Ligand code: NAP
């Protein structure tokens, strides 16, 4: 795609922790150009540089700093934009994302609002790229047909919870090679996962908080849809069980997860290691711009992966697996690590959009084809 044919995109909730990651990751993107930024009434009408308390290293992209934040409503976005990335608060996102889709926008959402809708793909391009086939059924069922003037029809695609993303990227090769019966996971989740300002410093310093509201339910349910089977206009859920315990720890970025798995078919430890090291998914085969290669970084050092040391490998898009060993209760146990606001949030949604371009769901919308 040449520079002058980049797809014009917008970011909903652009001033928040995940919205800033979108701005950062899209600044030099070869296919997408950010032309619209939305936030709450607090920010509307301000320069992005004034409305946003920039939290990321490397500084705010200068061109974006000069853009004016607009309202989070379809009429505020120019009609030459087809693709929107959503980083709105989950409790507001449901009806707003539907309003944008009904108005003809393709919404790649980070929020939990529509993840479990039966006609909305819950997507990780490495794991279930075929689930985008739900999109035409979603559009037909909801009446989001092609709009006047030949403008494309809207739709919603979601990416999973940040802990689920890395857990399922690690489970996928095992599910394919051996089948899964049961998964137990204990998470140690970074502070940035709570947004900004997030958890009060006096609550988390010298402490671990053994509760993150709603998180365990998401980690227990989302893998079953992601690893489920497309059956025409629906997804048949995968048949294994997940038990999750979620904890907040005093790490800035990078969720660590202690995982135990019970497999359907017997497997030697070397077979399990081989499944991780040899895994290549659709994004790697397609050479999508944001795809890490390898998708899974397999560690043999006894004390890796670690958040501070490893979270930025593969541009923050890789999933790390380490400490693979037999488990006396299940079959095997291992550690998973991944960046929560890159692959677990904004980067995951951008990779979804890249897959949608490769599959033909997002065309050259600048010409309103
Ligand atoms: P955040 O830092 O609190 O940011 C929220 C954003 O939404 C801000 O841009 C805010 O704008 C905007 N907003 C607030 N109220 C609004 C309203 N009434 N109308 C329109 N926009 C409004 O939250 P976050 O951590 O970035 O999370 C955003 C979403 O991503 C959430 O649904 C979250 O669950 C999900 N997510 C987060 C992570 C993570 O690691 N943080 C990972 C995966 C998914 P103002 O600045 O103007 O208030």
task = Keeping to segment 97-115, report how many residues are surrounded by fewer than 22 Cβ atoms within 10 Å (Cβ to Cβ) and near the ligand (Cβ under 8 Å from one of its atoms).
result = 1
request  = Could you tell me whether segment 101-112 includes any residue that is part of a helix (DSSP H, G or I) and more than 15 Å from the chain's Cα centre (by Cα)?
outcome  = yes
All positions within segment 38-48 that are buried (at least 21 other Cβ atoms within 10 Å of the Cβ) and more than 9 Å from the ligand (Cβ to nearest atom) = 48
query = Among the residues of segment 296-308, is there at least one that is within 16 Å of the ligand (Cβ to nearest atom) and in contact with a strand residue (DSSP E or B) (Cβ under 9 Å, 6 or more places away or on another chain)?
reply = yes
ask   = Looking at segment 265-282, is at least one residue part of a strand (DSSP E or B), surrounded by fewer than 20 Cβ atoms within 10 Å (Cβ to Cβ) and free of Cβ contacts under 8 Å to residues at least 12 places away in the same chain?
value = no
Looking only at segment 188-204, and only at residues there that are over 24 Å from residue 305 (Cβ atoms) and in contact (Cβ under 8 Å) with a residue 12 or more places away in the chain, the one that is surrounded by the most Cβ atoms within 10 Å (Cβ to Cβ) = 195
key: Residues located in segment 191-245, provided they are closer than 18 Å to residue 169 by Cα, within 16 Å of the ligand (Cβ to nearest atom) and part of a strand (DSSP E or B)   = 244
task = Can you confirm whether segment 209-222 contains a residue that is loosely packed, with under 13 Cβ neighbours inside 10 Å and farther than 18 Å from residue 111 by Cα?
result = yes
query = For segment 152-159, does any single residue satisfy the condition of being more than 17 Å from residue 72 (Cα to Cα) and at pLDDT below 95?
reply = yes
message = Considering only residues that are part of a loop (DSSP other than H, G, I, E, B), under 20 Å from residue 17 (Cβ atoms) and within 13 Å of the ligand (Cβ to nearest atom), which ones fall in segment 49-82?
response = 52, 53, 54, 55, 56, 69, 72
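The values are calculated or read from the model by the stated rules, or taken from the named source; none is laboratory data. A quick note: this is a predicted structure, and the numbers were derived from the prediction, not measured. Please note: Cβ atoms are built from the backbone with ideal geometry, for glycine as well, and neighbour counts cover all protein chains shown.
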